[in-house]
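For reference, the structure discussed in these notes is given below.
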Amino acid sequence: MPKNKFIPVARPDLTGNELSYLTTCITTSWISSAGEFIDRFEKSFADYIGTKYAVSSSNGTVALHLALLALGIGKGDEVIVPDLTFIASANAVTYTGAKPVLVDVDKMTWNVDPAVIVRKITSRTKAIMVVHLYGNPADMNVIMILAKRYNLYVIEDAAEAHGADMFMQNKKWIKVGSIGDVGCFSFYGNKIITTGEGGMIVTDDHQLAEKMRILRDHGQEPGRRYYHKIIGFNYRMTNLQAAIGLAQLERINKFVEKKRTIAKIYNKMFACIPGITLPPESDWAHNVYWMYSIIVNTPYPLSRDMLILALKNENIETRPFFYPLHELPPYKMINDFPNSSYLSKHGINLPSSVTLTIGDINRIATIIKHFA
Ligand SMILES: *Cc1c(COP(=O)(O)O)cnc(C)c1O
């Protein structure tokens, strides 16, 4: 029996200038971590996010690591991290020798709850790592006030939220990643724009940017070859990655617009299904719906896991939400984080590619509605 067309949860669109720019890398032989595309990608990305500086890196995880190191975070320090996120957010803190202090998320917004953060601040707390989960901006207005009051750095893990923006008091609409001291992005293959593997840190602080550039290049002093003042890393992006990234960035507005359109269509189709909760969007922010996600619970007749299987049988790929970090062996804690546990158990990411067609969305939504 012919199977229905496979619909992946995410697939990049590489039909712009990607191949042409890559060809330039090959024909000019600039394929390593020097070359025109690195500078161009960094400058264009800083312009797009609205910061003075952007520092590229080999992936999003090391972008977070560089940001934390440049802020001087290390052994003996604590960093607040949401319990519901991809494990890289916490791991980057652990790499520095500091301790990630997990906080429960809000049941409605799926993001950190500022009231819960306050309860976890100690004399060792140095920073808050905010994650804009699945593309939905966290409440940075309140978090920045908190950070100021308690003298904490703010690192935005915007790995899932390229292009998401929010209304900040006095500043109007600005993009996430540009609000805290540093913002970190990932360009993994399923992210809103991709370089295959890749990352970027944005900041307005010249010194921080310089520190990160040195740290990503073995601690080598700029302009003084093989002179290493400190122990750094090889966390550089290649010109090949940057070539793809620049081509992707040329079309990011289209991608974000498409993601929001996909969400609108899904939302309409799921609006009146008992037991299905739609993804959050605050009236002061734009969610970019990196992954269009819903919460599935009674009275919907299928459990989340049963729905994943039912869709798999129809050749439709989905993802369960992340495990809460406190349920994973490296970060095991007995404390309870009721909201992240609940969301993790009932949340599902539906296919969200910019390459989805209306027909694909219809097919997915029809199956989900059929059970209800
Ligand atoms: C993807 C992701 C990262 C890590 O990015 P990589 O490029 O895969 O290393 C970090 N944090 C979050 C929230 C992510 O979704």
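The values are calculated or read from the model by the stated rules, or taken from the named source; none is laboratory data. Because the structure is a prediction, the values reported are computed rather than measured. Positions of Cβ are backbone-derived with ideal geometry, glycine not excepted, and every protein chain shown enters the neighbour counts.
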| field | Tally of residues being without any contact (Cβ under 8 Å) to a residue 24 or more places away in the chain, loosely packed, with under 13 Cβ neighbours inside 10 Å and of a type outside the set (A, V, I, L, M) across segment 306-334 | value | 4
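Go through segment 274-372 and tell me which helices (runs of 4 or more DSSP H), entirely inside it, have 2 or more residues that are among the aliphatic types (A, V, I, L, M).
Values: elements: 304-313, 338-346, 358-371.
Filter on segment 274-372 gives 304-313, 358-371.
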| request: Go through Gln241, Gln248 for me and flag whichever is buried (at least 21 other Cβ atoms within 10 Å of the Cβ), within 20 Å of the chain's Cα centre (by Cα) and under 17 Å from Val62 (Cα atoms). | output: Gln241
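Give the residue, chosen from Ser282, Ser352, Ser344, Ser340, that is of a type in the set (Ser, Thr, Tyr), under 30 Å from Met168 (Cα atoms), out of contact with any helix residue (DSSP H, G or I) (no Cβ under 8 Å at 6 or more places or on another chain) and in contact (Cβ under 8 Å) with a residue 60 or more places away in the chain. Quick ask: steps written out before the conclusion?
Details: Ser352 fails: out of contact with any helix residue (DSSP H, G or I) (no Cβ under 8 Å at 6 or more places or on another chain); Ser344 fails: out of contact with any helix residue (DSSP H, G or I) (no Cβ under 8 Å at 6 or more places or on another chain); Ser340 fails: out of contact with any helix residue (DSSP H, G or I) (no Cβ under 8 Å at 6 or more places or on another chain).
Of Ser282, Ser352, Ser344, Ser340, the one residue that is of a type in the set (Ser, Thr, Tyr), under 30 Å from Met168 (Cα atoms), out of contact with any helix residue (DSSP H, G or I) (no Cβ under 8 Å at 6 or more places or on another chain) and in contact (Cβ under 8 Å) with a residue 60 or more places away in the chain is Ser282.
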| task | Output the residues belonging to segment 172-195 that are surrounded by fewer than 21 Cβ atoms within 10 Å (Cβ to Cβ) and within 15 Å of Glu156 (Cβ to Cβ). | result | Ile174, Asp181
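Does at least one position in segment 250-263 carry a residue that is over 30 Å from Lys107 (Cβ atoms) and of a type in the set (Lys, Arg)?
Within segment 250-263, the subset over 30 Å from Lys107 (Cβ atoms) is 250-254.
Now restrict to residues that are of a type in the set (Lys, Arg): 251, 254.
Yes: one or more hits.
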| said: Out of everything in segment 133-142 that is more than 16 Å from the ligand (Cβ to nearest atom) and in contact with a helix residue (DSSP H, G or I) (Cβ under 8 Å, 6 or more places away or on another chain), what residue ends up being nearest to Thr194 (Cα to Cα)? | reply: Asp139
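Quick check on Val116: is it away from the ligand (no atom under 12 Å from the Cβ) and more than 30 Å from Leu356 (Cβ to Cβ)? Write out each step before concluding.
Values: away from the ligand (no atom under 12 Å from the Cβ): yes; more than 30 Å from Leu356 (Cβ to Cβ): yes.
Judged against the criteria, Val116 is a match.
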| note | Heads up, the helices (runs of 4 or more DSSP H) in segment 18-82 (entirely inside) with at least 2 residues that are in contact (Cβ under 8 Å) with a residue 24 or more places away in the chain and either more than 17 Å from Ala247 (Cα to Cα) or within 16 Å of the ligand (Cβ to nearest atom) (or both) are 36-49, 60-70
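Using the structure shown, decide if Val130 is within 16 Å of the ligand (Cβ to nearest atom) and in a strand (DSSP E or B). Step through it out loud before you land on a result.
On the way: within 16 Å of the ligand (Cβ to nearest atom): yes; in a strand (DSSP E or B): yes.
Judged against the criteria, Val130 is a match.
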| Considering only residues of segment 153-180 that are touching a residue at least 60 places away in the same chain (Cβ under 8 Å) and part of a loop (DSSP other than H, G, I, E, B), which is farthest from the chain's Cα centre (by Cα)? | Ser178
| query | Quick check: is even one residue across segment 83-91 buried (at least 17 other Cβ atoms within 10 Å of the Cβ), outside any strand (DSSP E or B), in contact with an Asp or Glu (Cβ under 9 Å, 6 or more places away or on another chain) and of a type in the set (D, E, K, R)? | reply | yes
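Of everything in segment 196-208 that's within 15 Å of the ligand (Cβ to nearest atom) and in a loop (DSSP other than H, G, I, E, B), which residue is farthest from Asp181 (Cα to Cα)? Don't jump to the end; show me each part of the working.
Residues of segment 196-208 within 15 Å of the ligand (Cβ to nearest atom): 196-202.
Going one step further and asking which of them are in a loop (DSSP other than H, G, I, E, B), we end up with 197-198.
On the way: Glu197: 24, Gly198: 21 Å.
Among those residues, the one meeting the criterion is Glu197.
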| query | Residue check: is Thr96 surrounded by fewer than 17 Cβ atoms within 10 Å (Cβ to Cβ) and at pLDDT 95 or above? | reply | no
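Does Lys99 fit the bill of being touching an Asp or Glu at 6+ places or on another chain (Cβ under 7 Å) and more than 16 Å from the ligand (Cβ to nearest atom)? Please lay out each step first, then the result.
Working: touching an Asp or Glu at 6+ places or on another chain (Cβ under 7 Å): yes; more than 16 Å from the ligand (Cβ to nearest atom): yes.
Yes: the conditions hold for Lys99.
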| field | Residue, farthest from Pro320 (Cα to Cα), within segment 1-21, restricted to residues that are in contact with a helix residue (DSSP H, G or I) (Cβ under 7 Å, 6 or more places away or on another chain) and buried (at least 19 other Cβ atoms within 10 Å of the Cβ) | value | Tyr21
| message | Please pick out the residue among Arg224, Arg236 that is assigned to a loop (DSSP other than H, G, I, E, B), within 25 Å of Lys52 (Cβ to Cβ), within 16 Å of the ligand (Cβ to nearest atom) and out of contact with any helix residue (DSSP H, G or I) (no Cβ under 8 Å at 6 or more places or on another chain). | response | Arg236
| Selected residue (only one of Lys107, Lys191, Lys211 is more than 12 Å from the ligand (Cβ to nearest atom), among the charged types (D, E, K, R) and in a loop (DSSP other than H, G, I, E, B)) | Lys107
